[in-house]
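Data block below; observations after.
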Amino acid sequence: MRILILGSGGREHALALKISGSPELSKLYVAPGNPGIEQLAERVSCDVADPAQVVQMVRDLAVDLLVVGPEVPLAQGVADAVLSEAPDCLVFG
């Protein structure tokens, strides 16, 4: 399973730490992440509050699961955009 985590704080670091141990995981990405998360996931560049950019990132990386950490992307409609524009991707947030 290919997973993308949105965010760069302690919450997202904790999520990356737990998710990185999953036997189902094939690739873990984080946008924008932080230097500490680089040990667990590949950092990718994306404006996490821009629904169109996140949808494109999900498509480009063939993401199976999107985990939205911060509230701002949720308030900007990122989860809804991914669900409608990339229906094969599950969203948790």
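The values are calculated or read from the model by the stated rules, or taken from the named source; none is laboratory data. Owing to the predicted nature of the structure, the values given are computational and were not obtained by experimental measurement. Here the Cβ is made from the backbone with ideal geometry for all residues, glycine too, and neighbour counts use every protein chain on show. Heads up: the accessible areas ignore ligands, DNA and RNA and are worked out on the full protein's heavy atoms, side chains in. Shrake-Rupley method; radii C 1.70, N 1.55, O 1.52, S 1.80 Å.
You will find that of Glu85, Glu71, the residue that is within 14 Å of Leu6 (Cβ to Cβ) and charged (D, E, K, R) is Glu71 and no other. When region 20-44 is filtered for residues that are exposed (fewer than 15 other Cβ atoms within 10 Å of the Cβ) and modelled with pLDDT under 95, the ones remaining, listed by number, are Pro35, Gly36, Glu38, Gln39.
Between Leu66, Leu17, Leu4, the distinction of being touching a Leu at 6+ places or on another chain (Cβ under 7 Å), modelled with pLDDT of 95 or more and open to solvent by 10 Å² or more (accessible area, probe 1.4 Å) belongs to Leu17 only. For first residues located in region 44-63 and assigned to a helix (DSSP H, G or I), partners that are open to solvent by 30 Å² or more (accessible area, probe 1.4 Å) and lie 6+ apart or on another chain with Cβ distances below 7 Å form the pairs Pro51/Gln76; Gln53/Asp47; Val55/Glu85; Leu61/Arg2.
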